[in-house]
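J.: Dropping a structure here in structure tokens format, bear with me for questions.
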There are 2 protein chains.
Amino acid sequence: MYNKTMHGLGSRRSVIRELFEFGKRRAAEVGAENVFDFSLGNPNVPAPDCVREAALDIISSEDPCAVHGYTSAQGDAGVRAAVADSLERRFGAGITPDLIYMTCGAAASLTVTLNALTEPGDEFLLLAPYFPEYAVFVSAAGATPVVVPYDEATMLPDLAAFEKALSPRVKGVIVNSPNNPSGAVYPRELLEKMCAVLRAKEKEFGHPVVLIADEPYREIVYGGAEVPFLPCLYDDTVVCYSWSKSLSLPGERIGYIALSPRLHDAAGVYAAVCGAGRALGYVCAPSLFQKIVARCVDASPDIAAYESNRDLLYGALTDFGYTAVHPDGAFYLFVKALEEDANAFSDKAKELGLLIVPGDDFGAKGWVRISYCVSHDMIERSLPAFKKLKAMYDAK
Amino acid sequence: MYNKTMHGLGSRRSVIRELFEFGKRRAAEVGAENVFDFSLGNPNVPAPDCVREAALDIISSEDPCAVHGYTSAQGDAGVRAAVADSLERRFGAGITPDLIYMTCGAAASLTVTLNALTEPGDEFLLLAPYFPEYAVFVSAAGATPVVVPYDEATMLPDLAAFEKALSPRVKGVIVNSPNNPSGAVYPRELLEKMCAVLRAKEKEFGHPVVLIADEPYREIVYGGAEVPFLPCLYDDTVVCYSWSKSLSLPGERIGYIALSPRLHDAAGVYAAVCGAGRALGYVCAPSLFQKIVARCVDASPDIAAYESNRDLLYGALTDFGYTAVHPDGAFYLFVKALEEDANAFSDKAKELGLLIVPGDDFGAKGWVRISYCVSHDMIERSLPAFKKLKAMYDAK
């Protein structure tokens, strides 16, 4: 009657979505004040003023047929020009509007890119810890996800393991920095080494290996951490972007794919991207929000709020005796579970109202992800529960 | 380097999109007043006032984090309740909010449904003339599209051919009434006969055959033509809807999937729908427009404008000697080409500035589709070109 794989994906859902839905039900039962939902990367910082201003102005003053009408499948030409200009001003990688394809958010950027690239037998490398939906997207595109383990000391990709995993079957590598779930920003030196390995492997294999830069957290960094723009480091790069986090618009589904002008057969890949968008049913990216992001292309989120959350949570949890990765970007704290089984640990946390995501699905067994894109007040109110949880384990 | 099927889909594009892009380039060259673009189903009637009012009110007064945040993957609970209530008031088919899945428009409704249902070896029937992207969507989901020819006398599905095409491999049938491209509204009697055939085949095969009702034009009918709600006629029905046409929001990508409560294993299919949405990268339907359509769920488009266009165009073209299907719904006029090769005919029309879509891809060789969701003025100004085109053929 139905496709078994899809039924499985829909029945199990992602562990993150499952916790989020649980939190909504739980809040209705015991009161929202007793649920500390750290499950979802749903920004609590409101969209910058320019979003509201642009929305009100466009809706009030422009022709509704133009505002809400179909755009070209690859996105409105003016919008793509605004995005390309902004990228050029900031990074100078030579990305032109005809290399930009507007999408319905980061997930769509990835599924469209993966479906465009995948040929039978292809593999894509996922660098642990990684966003679990990557494995779903790679498999659904007909390719095989291959997980590269992390370096236990740094929680960053293990370079030797990376090199070893790069077989001739590898079509691409998904790089996600600032990283979800660890909050780590990959240092330039590490990225340069990875790119050197990739270049050597391209030469050895005689075919391109595509670096897919998934960058929804590019603008969310602290203390001036640098996020190198990968098309400047490596030719065969495809950037997948979304304004979900940078403009706090996760529900609006708006992002883009940008191809490096030096990507092997960039015009051919662009056509494949257009074809994949069409085959998956993405007629165009939402038109009003295309126009809004074009006006807000250089707007910044309120980083200070996230940074203050980070400092409070990281400080308190390490004080309590937890081990955590110090995050330089995104809004996730990656914490070592207090027992080997992170699922069991997450379940115990749930009993205290703490909704935190076990890390097994991120490719990091024994860790949990805590999203701190929540109110400062909720973090403060949650701290006694975190303290109690630690005490429970200490008492064992 | 890339997937060949996707590259093909992206290079060739749909003939409709191709003409639309040509029209935009052509207008820049010779002036918009000399291009009569009848290619795209992009409504020229502005969205009803309630859309602007809802948008301004929500953006001005509601919490931006809630307005623009993620909703549940299946859509905001309140929005699904509003949609289900509206369906229940109008049709009484017993569809509850837990059977509604909000989507990024009609194409997404279809791709998600097809990916949810398809098992290896499945076929889906397309009833000619049909929207050409159906074949793309069915193939991309891993199934085989099988075209059922039309009855030459009525341009409606040929019942005998329909019955013959229904093999045990058929997982479902896509029904699109009011029809794109013909503008025909399938009569109740025909639908009842089709459903009786389907029920007999289900019994014979011992498995369900799903009727997929693609209904973006449901509200766009003239002279009180009836559009029966298929879940009331046939148990194994999935409705795919979009507000693109009824609220003139084609660029905003907002629609839904509704399962009949009597669908075989409806809960299982719903889970598969959720899974397919996830696998294709549809995290949720655009959140602001979910909230807008919930407020405008019973709003009506300005049918009178389309009806007046239809009367002008149908009247003039039949006066000039063209043969056309009299459309009772949608905003398309299906016209017999003046030579056997509709592509050659469309090319000659193009030279006179008339952008009309050859019907070969619709499964109706020798016909062309003229979208009359354009300004009345443009239709008036285009009539001399249509007259000239006819005269050119008459002179041969």
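The values are calculated or read from the model by the stated rules, or taken from the named source; none is laboratory data. None of these values were measured; they are calculated from a predicted model. So basically every Cβ, Gly included, is an ideal-geometry build from the backbone, and we count neighbours across all protein chains shown. Only protein heavy atoms, including side chains, enter the accessible area calculation; ligands, DNA and RNA are left aside. Shrake-Rupley method; radii C 1.70, N 1.55, O 1.52, S 1.80 Å.
J.: Among (1) in contact with a Ser or Thr (Cβ under 7 Å, 6 or more places away or on another chain); (2) more than 9 Å from chain B (Cβ to nearest Cβ), there is one condition A:S308 misses while meeting the rest; what is its number?
T.: Here A:S308 meets the rest and fails (1).
J.: Return only the number of the condition from (1) of a type outside the set (K, R); (2) touching a strand residue (DSSP E or B) at 6+ places or on another chain (Cβ under 6 Å); (3) over 30 Å from A:V35 (Cα atoms) that A:H264 does not satisfy.
T.: It is condition (2) that A:H264 fails.
J.: Related question: Kindly establish whether A:V335 is modelled with pLDDT of 95 or more, in contact with a Ser or Thr (Cβ under 8 Å, 6 or more places away or on another chain), more than 30 Å from A:V170 (Cα to Cα) and buried (at least 23 other Cβ atoms within 10 Å of the Cβ).
T.: So A:V335 fits the description; yes.
J.: Can you confirm whether A:N44 is surrounded by fewer than 21 Cβ atoms within 10 Å (Cβ to Cβ), of a type in the set (S, T, N, Q), closer than 24 Å to B:D63 by Cα and facing chain B (nearest Cβ under 10 Å)?
T.: When the stated conditions are applied, A:N44 passes them.
J.: Which count do you get for residues in region A:182-223 that are without any contact (Cβ under 8 Å) to a residue 60 or more places away in the chain and aliphatic (A, V, I, L, M)?
T.: Total satisfying the criteria: 10.
J.: State all residues of region B:132-171 that are over 30 Å from B:A279 (Cβ atoms) and touching a Ser or Thr at 6+ places or on another chain (Cβ under 7 Å); if no residue qualifies, say none.
T.: B:M155
J.: Does A:L114 fit the bill of being open to solvent by less than 10 Å² (accessible area, probe 1.4 Å) and either at positive phi or in contact with an Asp or Glu (Cβ under 7 Å, 6 or more places away or on another chain) (or both)?
T.: No; evaluated as a whole, the condition is false for this residue.
J.: Please tell me if A:A299 is at pLDDT 95 or above and among the small types (G, A, S).
T.: Judged against the criteria, A:A299 is not a match.
J.: May I pose another question? Tally up the residues in region B:8-26 that are within 7 Å of chain A (Cβ to nearest Cβ), under 14 Å from A:Q74 (Cα atoms) and out of contact with any Cys (no Cβ under 9 Å at 6 or more places or on another chain), please.
T.: 2
J.: Is region A:169-176 home to any residue that is in a strand (DSSP E or B), within 14 Å of chain B (Cβ to nearest Cβ), in contact with a strand residue (DSSP E or B) (Cβ under 7 Å, 6 or more places away or on another chain) and open to solvent by 10 Å² or more (accessible area, probe 1.4 Å)?
T.: yes
J.: Now a separate question. So which of A:E202, A:E189, A:E215 is in contact with a Pro (Cβ under 8 Å, 6 or more places away or on another chain) and either hydrophobic (A, V, I, L, M, F, W, C) or modelled with pLDDT of 95 or more (or both)?
T.: The unique qualifying residue is A:E202.
J.: Continuing with this model, one more query. Based on what the data block shows, is A:A184 in a loop (DSSP other than H, G, I, E, B) and either at pLDDT below 95 or out of contact with any Ser or Thr (no Cβ under 9 Å at 6 or more places or on another chain) (or both)?
T.: no
J.: Please go through region B:262-310 and pick out each residue that is open to solvent by 20 Å² or more (accessible area, probe 1.4 Å), small (G, A, S), over 30 Å from B:S382 (Cα atoms) and free of Cβ contacts under 8 Å to residues at least 60 places away in the same chain.
T.: If the condition is that a residue be open to solvent by 20 Å² or more (accessible area, probe 1.4 Å), small (G, A, S), over 30 Å from B:S382 (Cα atoms) and free of Cβ contacts under 8 Å to residues at least 60 places away in the same chain, then B:A267 is the only one that fits.
J.: Can you name the number of the only condition in (1) within 25 Å of B:A161 (Cβ to Cβ); (2) surrounded by 17 or more Cβ atoms within 10 Å (Cβ to Cβ); (3) among the hydrophobic types (A, V, I, L, M, F, W, C) that B:A200 fails?
T.: Every condition holds for B:A200 apart from (2).
J.: Go through region A:141-181 residue by residue and tally those that are touching a residue at least 12 places away in the same chain (Cβ under 8 Å) and of a type in the set (K, R).
T.: Residues flagged as touching a residue at least 12 places away in the same chain (Cβ under 8 Å) and of a type in the set (K, R) within region A:141-181 amount to 2.
J.: Consider A:Q74 against the criteria (1) touching a Lys or Arg at 6+ places or on another chain (Cβ under 8 Å); (2) open to solvent by less than 10 Å² (accessible area, probe 1.4 Å); (3) farther than 23 Å from B:I58 by Cβ: it satisfies all of them except one. Which criterion is unmet?
T.: Here A:Q74 meets the rest and fails (2).
J.: Sticking with this one: Is there a residue in region B:317-327 that is away from every other protein chain (no Cβ under 14 Å), at positive phi and either out of contact with any strand residue (DSSP E or B) (no Cβ under 6 Å at 6 or more places or on another chain) or surrounded by fewer than 24 Cβ atoms within 10 Å (Cβ to Cβ) (or both)?
T.: For region B:317-327, residues away from every other protein chain (no Cβ under 14 Å), at positive phi and either out of contact with any strand residue (DSSP E or B) (no Cβ under 6 Å at 6 or more places or on another chain) or surrounded by fewer than 24 Cβ atoms within 10 Å (Cβ to Cβ) (or both): present.
J.: Among the residues of region B:134-145, is there at least one that is part of a strand (DSSP E or B) and open to solvent by 10 Å² or more (accessible area, probe 1.4 Å)?
T.: yes
J.: Quick check, is A:A276 in contact with a Leu (Cβ under 8 Å, 6 or more places away or on another chain) and more than 8 Å from chain B (Cβ to nearest Cβ)?
T.: no
J.: Here is a further query. Scan the helices (runs of 4 or more DSSP H) fully inside region B:1-105 and keep the ones with 2 or more residues being at pLDDT below 90.
T.: Where helices (runs of 4 or more DSSP H) fall fully within region B:1-105 and carry at least 2 residues being at pLDDT below 90, they are B:4-12, B:15-30.
J.: Quickly run through region A:311-354 and pick out the residues that are assigned to a strand (DSSP E or B) and touching a residue at least 24 places away in the same chain (Cβ under 8 Å).
T.: Within region A:311-354, A:G329, A:Y332, A:L333, A:F334, A:V335, A:K336, A:L354 meet the criteria.
J.: I'd like to verify a number: residues in region A:255-273 that are in a loop (DSSP other than H, G, I, E, B), farther than 24 Å from A:Y217 by Cβ and at the interface with another protein chain (Cβ under 10 Å from one of its Cβ atoms), how many?
T.: 2
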